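The structure appears below as structure tokens.
What follows is calculated from the coordinates using simple rules that are stated; it is not laboratory data. Just so we're clear, the structure is a prediction, and the values are computed from it rather than from any experiment.
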Ligand SMILES: [Zn+2]
């Protein structure tokens with residue numbers, strides 16, 4: 001089967017799939033997951049002071065490379081099914097996830113200002129089209145998402161009018 005997707009099992013509940021045409025990778029559930037279920041713990045493999053396209057923001061100047069590494073294949077969606085809890089360092093399910101379903105998270109739920117934006121192709125009804133971090137999104141949109149402690153703090157600061165112009 002020359003066109004079969006390459007898959008790599010990681011842990012007991014997920015696999016990495018690689019699209020043979022584009023080489024793009026994604027992470028998919030290999031079991032059914034329930035709301036609030038722990039998908040993986042994570043730790044910093046490396047801590048950087050600036051974001052890149054693989055890092056997750058923990059605080060103002062802490063951007064971590066993920067350990068385990070396979071978590072980096074969780075792509076963005078404007079209608080995500082997992083959340084990176086940066087306090088507990090856990091990836092959790094935001095709802096029922098079917099066996100085989102792609103795991104996705106909302107990048108602005110942890111990223112304040114990304115190093116570069118991208119056109120979102122998630123095709124969800126609520127797609128925001130262009131993603132470049134929470135600072136670029138209206139508050140009423142952000143409030144519909146589960147957000148990291150850091151992003152919530154930043155929003156508090158931004159809204160109280162004490163931030164620098
Ligand atoms: Zn989208």
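Convert 20 °C to kelvin, take the viscosity as 1.002 mPa s, use the Kirkwood radius over C-alpha pairs of the chain as Rh, and evaluate the Stokes-Einstein diffusion coefficient in µm²/s, rounded to a whole number. The Stokes-Einstein estimate is 129 µm²/s. Seen against the Cα atoms of the chain and their longest principal axis, helix 149-160 is set at about 30 degrees.
In the chain, helices alone account for a calculated mean residue ellipticity at 222 nm of -2500 deg cm²/dmol, with every DSSP H run of four or more residues adding -39,500 (n - 2.57). Under the criterion of Cα pairs below 8 Å and six or more residues apart, the relative contact order for segment 6-160 equals 21 percent. Highest mobility in the GNM of the chain, judged by mean-square fluctuation with C-alpha springs under 10 Å and restricted to 120, 78, 19, is found for 19.
Report, please, the projected area of segment 1-75 averaged over directions, based on the convex hull of its C-alpha atoms, in nm². Intermediate results must be reported in sequence, preceding the final value.
Details: hull surface 25.0 nm².
Taking the Cα atoms of segment 1-75, their convex hull projects to 6.3 nm² on average.
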